[in-house]
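See structure below.
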Amino acid sequence: MNHLDQSGLLERLAAYPLSAHCFSNYVRWITSNVRDGWESYDVIRVLDEGNIERLHHIETRLNESRIILGLSEKDFSRAFGFNDDLLSDDPEKVHDVLAEPLFVVDLARRGFSPIAKLRPFIRTGTKTLRNADFLASCGQSKFAIELKTIRMENKPKPEPGRVLGNATKPGWWGDMFQRNAVTKIEDKDRRVLAQLANARREYECDKTMLVLY
C-alpha cells in the first residue's frame, strides 16, 4: 500500500451509516498523520481492500449494540470514544475501543437487560469519582461492570523489560495473560476496584463484575 485515497475510503465507509459515525474521524486522522505501515491498521486495510463482508459484519454488530443501549448514532459514537480515544497511532487501539460496544451484545445474549453505558465520572457535591463502564441487570440482581482489555504485550509495564511469558514452555500464553490481568487490577493503586466500588454505591448495585477481555 503506497498511497491512501482518503476520499475513496470515506466514500466506501459512507455505505455503512453507524460505522461512518464511528470511524470517519479515525480514517481522516490516520490518512493525515500516519506515513508508513497503514496495512497494520485493520479498519484502513479493510476499507482499502473493499472487504464488504467484514464491513457489513461490524456494522451489524455495532447497530445491535446501539439498539440495546437505546442510543442515537451520534451519542453511541461519542459514548464509546470513537471520536477522540480512537485517534491514535497505535494500530491495536481500535480493538480496545471496539471491545466495549461488542461486549454489550454479549451481555444481552446472556440475559442482561436493561444495559446502560455509564459516564466516566460520578459527581457528588464537591467530589468527582471515577465510574465503572456499565450498569446492567440480570434476574433480580443489578451489576456495576468494568471491562478491561488485556494485550499480548506487557502494558502497563510494572518493571522495565519484565518478561511475562516464555514461549518455550507449555501454557506460556495463559501464564502471560494471568500476569497481565493481575497487573491491570493492581495498576494505579487498584483503580479498577475503586471504580466498581464507586458505581456500586452510586447506583445501589447488588454485585460488581470485572471483565477481562
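The values are calculated or read from the model by the stated rules, or taken from the named source; none is laboratory data. Quantities reported herein were computed from a predicted structural model and do not represent experimental measurements. Please note: Cβ atoms are built from the backbone with ideal geometry, for glycine as well, and neighbour counts cover all protein chains shown. Calculation scope for accessible area: heavy atoms of the full protein, side chains included, ligands and nucleic acids excluded. Shrake-Rupley method; radii C 1.70, N 1.55, O 1.52, S 1.80 Å.
Here are some notes:
- Sorted on the mean count of surrounding Cβ atoms within 10 Å across their residues, most packed first, peptides 191-203, 174-186 read 191-203, 174-186.
- The amide H of VAL211, built 1.01 Å from its N in the peptide plane, has GLU146, LEU147, LYS148 as neighbours under 5 Å, considering only residues 5 or more places off or on other chains.
- Convex hull volume per residue for the stretch 36-103, taking Cα atoms only, in Å³: 85
- Our note on the geometry: Cα centres of the stretch 98-153 and the stretch 44-80, 19 Å apart.
- Solvent-accessible area assigned to carbon and sulfur over the chain amounts to 48 percent, based on a 1.4 Å probe.
- Volume per residue that the Cα convex hull of the stretch 20-74 spans, once the total is divided by residue count, Å³: 76
- Averaged over its residues, the chain has an accessible area of 58 Å² per residue, based on protein heavy atoms and a 1.4 Å probe.
- Over all Cα atoms in the chain, the spread is summed up by Rg and Dmax: 18.9, 56 Å.
- Adding -39500 (n - 2.57) for every DSSP H run of four residues or longer, then dividing by how many residues the chain holds, sets the calculated 222 nm ellipticity at -16500 deg cm²/dmol.
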